[in-house]
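Colleague: Below is the structure I would like to discuss, written out as structure tokens.
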Amino acid sequence: MASIFTKIIEGQLPCHKISENSDFMAFLDINPIKLGHTLVIPKREIDYVFDLDDDEFQGIMAFAKSLALPIKKATSCERVCMIIAGYEVPHAHVHLVPTDNMMDLSFSRAQSANDEQLGWMANKIRNQLMAG
């Protein structure tokens, strides 16, 4: 059965897309730890991030890195941190979380964000991405 992320990739479910290429996609988490919390996924459905082949693993890291500065600028955070947990959805993914301190890395802080908030933030990040 296709994961929720595969359904997003295939356009069966909506998302607030930040960026994509032929191998990876990034979109906002609907239950962000902080607004701007972005999920980076491979388009190939594979459950465990360390089961990605070496090229895919290096590729997802490079793709995530390309989004860090735009997220940082759009959210005015101190740092963008990365979390790879792997339990929430059976599809490899990386969390990019805008942070100002270590407390900002707790999933217990996650809250639902509404469509308007997510759309506004997605536009801010995409604008920073295009500004290069």
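Colleague: Does ILE41 fit the bill of being aliphatic (A, V, I, L, M), open to solvent by less than 40 Å² (accessible area, probe 1.4 Å) and assigned to a strand (DSSP E or B)? Break it down into steps so the answer makes sense when it comes.
Modeller: Numbers: aliphatic (A, V, I, L, M): yes; open to solvent by less than 40 Å² (accessible area, probe 1.4 Å): yes; assigned to a strand (DSSP E or B): yes.
Yes, satisfied.
Colleague: So the check is Cβ under 6 Å with 6+ separation or different chains; which pairs have a first residue in region 18-38 that's of a type in the set (D, E, K, R) and a second one that's open to solvent by 10 Å² or more (accessible area, probe 1.4 Å) and in a loop (DSSP other than H, G, I, E, B)?
Modeller: ASP23/LYS43
Colleague: Right, next: Only one of PHE50, PHE63 is without any contact (Cβ under 8 Å) to a residue 12 or more places away in the chain and either over 25 Å from THR6 (Cα atoms) or assigned to a helix (DSSP H, G or I) (or both); which?
Modeller: Just one listed residue meets the conditions, PHE50.
Colleague: So, in region 111-129, exactly how many residues are open to solvent by 40 Å² or more (accessible area, probe 1.4 Å) and more than 18 Å from LYS73 (Cα to Cα)?
Modeller: 5
Colleague: Further, regarding this structure: Considering (1) assigned to a loop (DSSP other than H, G, I, E, B); (2) surrounded by 15 or more Cβ atoms within 10 Å (Cβ to Cβ); (3) of a type in the set (D, E, K, R), say which one GLU56 fails and leave the rest.
Modeller: (1)
Colleague: Can I ask one more? Farther than 29 Å from ALA131 by Cβ and not basic (Lys, Arg): which single residue out of ILE33, ILE4, ILE8, ILE60 fits that description? Explain how you work it out, then say what you get.
Modeller: Details: ILE33 fails: farther than 29 Å from ALA131 by Cβ; ILE8 fails: farther than 29 Å from ALA131 by Cβ; ILE60 fails: farther than 29 Å from ALA131 by Cβ.
Selected residue: ILE4, the only one of ILE33, ILE4, ILE8, ILE60 that is farther than 29 Å from ALA131 by Cβ and not basic (Lys, Arg).
The values are calculated or read from the model by the stated rules, or taken from the named source; none is laboratory data. Since we're looking at a predicted model, the values are computed, not measured. Quick reminder, even Gly has a Cβ in these numbers, built from the backbone with ideal geometry, and neighbours come from all protein chains shown. Calculation scope for accessible area: heavy atoms of the full protein, side chains included, ligands and nucleic acids excluded. Shrake-Rupley method; radii C 1.70, N 1.55, O 1.52, S 1.80 Å.
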